[in-house]
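K.L.:
Mind having a look at this structure? Questions to follow.
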Amino acid sequence: MAAAKISTDSEEEEMGGDGQILLKSPQKRPSQVNSQWKTGDLTLWPVLNLVEPELRSKVKLVYIFSQAAAEVIFTTTDDKVYGMGTNTSGCLGVGDTQSSLAPRRIELLEGKKLIDIAAGAGPHVLVLTHDHDVYIWGENSLSQLGNGEGEVYSWGHNSYMQLGNGGSTPGLTPTMLARNLSRKVVGIACGSHHSMVLTDDGEVYAWGYNNCGQIGSGSTSNQTTPRKVNACIGNKRIIHIACGQTSSLAVTDNGEVYSWGYNGNGQLGVGNNVNQTNPCRIAALQNVVIVQVVCGYAHTLALSDEGIVYGWGANSYGQLGSGNKANAVTPIQVASSVGRVVLVAASHYSHSSSAQNQHGQVYMWGQLRMQSTAQPILTDFSSVDAVFAGFSSPPVSWRPMVLSKESEPSVQQSIACAFNDETTSDLRIVADGKVIYVHKALLKIRCDYFRRMFQSHWDENTQDKVEIIGYSFPVVYSFLKWLYTDTVELPPEDAIGLLDLATAYCEAGLKQQCEKLIKEGISVENSAILFAAAIKYQAKDLEEYCFQYCLNHTSQIVQTDNFQALTLDVMRYFITEAAKRGAFKR
């Protein structure tokens, strides 16, 4: 099969005719940081809102990838794996190339505990499991690499043998590959069309496309199966690997950095623009201990054990964070204004960069929503993942994002689960003779009404049961649940009673939610009673909304029983206001 032309990662050569940047494949990051990841926010990527709520609540690990950020792979707390999106080259691993906005199960990975995912440009995909199995997919079938310890599976794009199964036939479903690797795998990385793995004994294996020497074999011949990278690093223990589009990097256990492959923008950091077919030590970092490296589209960032960031390579968008837009062929200290850094981030798909300092502050620089920014900007984000979701083009994941951990529920989840839990409750709220189990401290924190009620000189402060009179059980239950969850689930008619309670207790936030719920549930049958309730509870915005609805459907509404049941004052008020607005003009 004739190989399709693959361009290098020179920025000038990668610009499309319409000025759009043609991005290729994601970089890699250390799988070891998985245990340090903070819980992410599923709403960062709008496409995930298409997942059914029940399934979405179980999402544990999610990865957005491809040149248009159009593919998604995620796992759930019950160890199921799903793919959704355009399914380019069969990269979802579901057995075909059909696109889908609904999640589809990758059944052959079911039961595997995925902890890391990487993708190439085809795309092909690598997956690392908790028991150090590794899977790969793209436009070639999912294959396994190994003999039972450190297994690798691959599928997806395979025109350049990046699946490592010895051939170039596309594959759509998982198949095992068991050649040239007999070690446990602890790290994975994907370039544009090449792949690398790191074993537990510190060895690096690479395979796939090798036009620029990115395999590190000393030649530019493609490699069909995993091959150990021996030159310069064969006797060293590697602790971290990363892939640029057509370049590769490795960090040793004593903090040395080696690079090889394409170097047109200086992204190898060796002082020139010459491609390297064997690993070369980056001499400029000789007296620095590096603990993490990441690759952007054509630039590289490295983090030292002292929290200092170094950058080199392309910089026409300010992606090095050096304050200017000059490329650097050797490492320079960058992002000095950020403070001591604990994490750097970049995606092989974009020219964006990000870092988080020891105080948890997140900074970003480079190409941000198509604007060039050469100086780090402080954000309000709590995670670097948010930078790539909101400002990178395309909005891909720079690493898989952890959304939840079974053993470590968030504070919000724990509080929500504590609602109406008799085993932990220290207070019973009674309404209509029914009991709701709550926590006095939380009620005092969340609600001024209860804070006043449980003052030391009030009798209620020493009681373990309080009765709320004048409101129905569903209303009281919904109010208390709102204090724990910030959500309200009631029919519009019942929300009127909750609106009354919110008004009486001066809970403005709850009042707004009730008004929203009523607006969304208004109909010809209930609009008259909702209008009357809005007047009673002095909800001016809701009153105007209900009045306008009634005005638009006057002939139907005046014939309903609810309209006939309005008090004379409310009915007169409605007719007067309707007349002022010309409702009865012929």
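The values are calculated or read from the model by the stated rules, or taken from the named source; none is laboratory data. The model shown is predicted, which means the values in this text are computed figures rather than measured ones. For neighbour counting, all protein chains shown are included, and Cβ atoms are generated from backbone atoms with ideal geometry for every residue, glycine included. Accessible surface areas use protein heavy atoms only, side chains included; no ligands, DNA or RNA. Shrake-Rupley method; radii C 1.70, N 1.55, O 1.52, S 1.80 Å.
K.L.:
Test SER478 against the criterion of being part of a helix (DSSP H, G or I) and either in contact with a Cys (Cβ under 7 Å, 6 or more places away or on another chain) or open to solvent by 40 Å² or more (accessible area, probe 1.4 Å) (or both), and give yes or no.
P.N.:
So SER478 fails the test.
K.L.:
What's the number of the condition ILE73 fails, among (1) within 24 Å of ILE188 (Cα to Cα); (2) modelled with pLDDT of 50 or more; (3) exposed (fewer than 15 other Cβ atoms within 10 Å of the Cβ)?
P.N.:
ILE73 satisfies all of (1) within 24 Å of ILE188 (Cα to Cα); (2) modelled with pLDDT of 50 or more; (3) exposed (fewer than 15 other Cβ atoms within 10 Å of the Cβ) except (3).
K.L.:
For the stretch 81-102, check the following and say yes or no: at least one residue is in contact with a Phe, Trp or Tyr (Cβ under 7 Å, 6 or more places away or on another chain) and hydroxyl-bearing (Ser, Thr, Tyr).
P.N.:
yes
K.L.:
Among the residues of the stretch 547-586, what is the count of those that are of a type in the set (D, E, K, R) and over 16 Å from ILE529 (Cα atoms)?
P.N.:
Residues meeting the conditions: 5.
K.L.:
I'd like to check which helices (runs of 4 or more DSSP H) are fully inside the stretch 342-456 and have at least 2 residues that are free of Cβ contacts under 8 Å to residues at least 60 places away in the same chain, surrounded by 22 or more Cβ atoms within 10 Å (Cβ to Cβ) and not hydroxyl-bearing (Ser, Thr, Tyr).
P.N.:
Helices (runs of 4 or more DSSP H) meeting the threshold: 384-390.
K.L.:
Ok, one more. Tally time: how many residues in the stretch 499-516 are closer than 15 Å to CYS447 by Cα and under 36 Å from the mean Cα position of the chain (by Cα)?
P.N.:
Qualifying residue count for the region: 6.
K.L.:
When residues of the stretch 557-583 are filtered for being surrounded by fewer than 14 Cβ atoms within 10 Å (Cβ to Cβ) and among the polar types (S, T, N, Q), how many remain?
P.N.:
4
K.L.:
Among HIS124, HIS130, which is the only one that is modelled with pLDDT of 60 or more and buried (at least 24 other Cβ atoms within 10 Å of the Cβ)?
P.N.:
After ruling out the rest, the residue left standing is HIS124.
K.L.:
Being of a type outside the set (Lys, Arg), touching a Ser or Thr at 6+ places or on another chain (Cβ under 6 Å), open to solvent by 30 Å² or more (accessible area, probe 1.4 Å) and in a helix (DSSP H, G or I), is that true of even one residue in the stretch 540-551?
P.N.:
Yes, the stretch 540-551 has at least one match.
Condition check ((1) out of contact with any strand residue (DSSP E or B) (no Cβ under 6 Å at 6 or more places or on another chain); (2) in a loop (DSSP other than H, G, I, E, B); (3) closer than 30 Å to ILE239 by Cβ; (4) at pLDDT below 90) across all residues:
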{"position": "GLU11", "(1), (2), (3), (4)": "yes, yes, no, yes"}
{"position": "GLN32", "(1), (2), (3), (4)": "yes, no, yes, yes"}
{"position": "THR43", "(1), (2), (3), (4)": "yes, no, no, yes"}
{"position": "LYS60", "(1), (2), (3), (4)": "no, no, yes, no"}
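K.L.:
Name the single residue that is modelled with the lowest pLDDT among those in the stretch 522-539 being polar (S, T, N, Q) and either assigned to a loop (DSSP other than H, G, I, E, B) or open to solvent by 10 Å² or more (accessible area, probe 1.4 Å) (or both).
P.N.:
GLN538
K.L.:
If a residue has to be surrounded by fewer than 24 Cβ atoms within 10 Å (Cβ to Cβ) and either among the acidic types (Asp, Glu) or in contact with a helix residue (DSSP H, G or I) (Cβ under 7 Å, 6 or more places away or on another chain) (or both) to count, how many in the stretch 214-262 make the cut?
P.N.:
The number of residues fulfilling the criteria is 2.
K.L.:
Applying the selection to the stretch 263-321, what residues are under 18 Å from GLY339 (Cα atoms), crowded, with 24+ Cβ neighbours inside 10 Å and among the polar types (S, T, N, Q)?
P.N.:
GLN319
K.L.:
Inside the stretch 205-234, can you point out the residues that are under 36 Å from the mean Cα position of the chain (by Cα), of a type in the set (Ser, Thr, Tyr) and over 19 Å from GLY187 (Cβ atoms)?
P.N.:
Scanning the stretch 205-234 gives TYR209, SER217, THR224.
K.L.:
Could you list, in sequence order, the residues of the stretch 50-61 that are farther than 16 Å from THR86 by Cα and either open to solvent by 70 Å² or more (accessible area, probe 1.4 Å) or among the β-branched types (Val, Ile, Thr) (or both)?
P.N.:
Scanning the stretch 50-61 gives GLU52, PRO53, GLU54, SER57, LYS58, VAL59.
K.L.:
Given the criterion touching a helix residue (DSSP H, G or I) at 6+ places or on another chain (Cβ under 9 Å), open to solvent by less than 40 Å² (accessible area, probe 1.4 Å) and within 13 Å of LEU172 (Cβ to Cβ), identify the matching residue among GLY93, GLY83.
P.N.:
The unique qualifying residue is GLY93.
K.L.:
Give the residues of the stretch 251-293 that are assigned to a strand (DSSP E or B) and more than 19 Å from THR220 (Cα to Cα), sorted by residue number.
P.N.:
If the condition is that a residue be assigned to a strand (DSSP E or B) and more than 19 Å from THR220 (Cα to Cα), then VAL251, THR252, VAL257, ARG281, ILE290, VAL291, GLN292, VAL293 are the ones that fit.
K.L.:
Name the single residue that is least open to solvent (accessible area, probe 1.4 Å) among those in the stretch 481-515 being more than 18 Å from ALA534 (Cβ to Cβ) and touching a Gly at 6+ places or on another chain (Cβ under 9 Å).
P.N.:
TRP482
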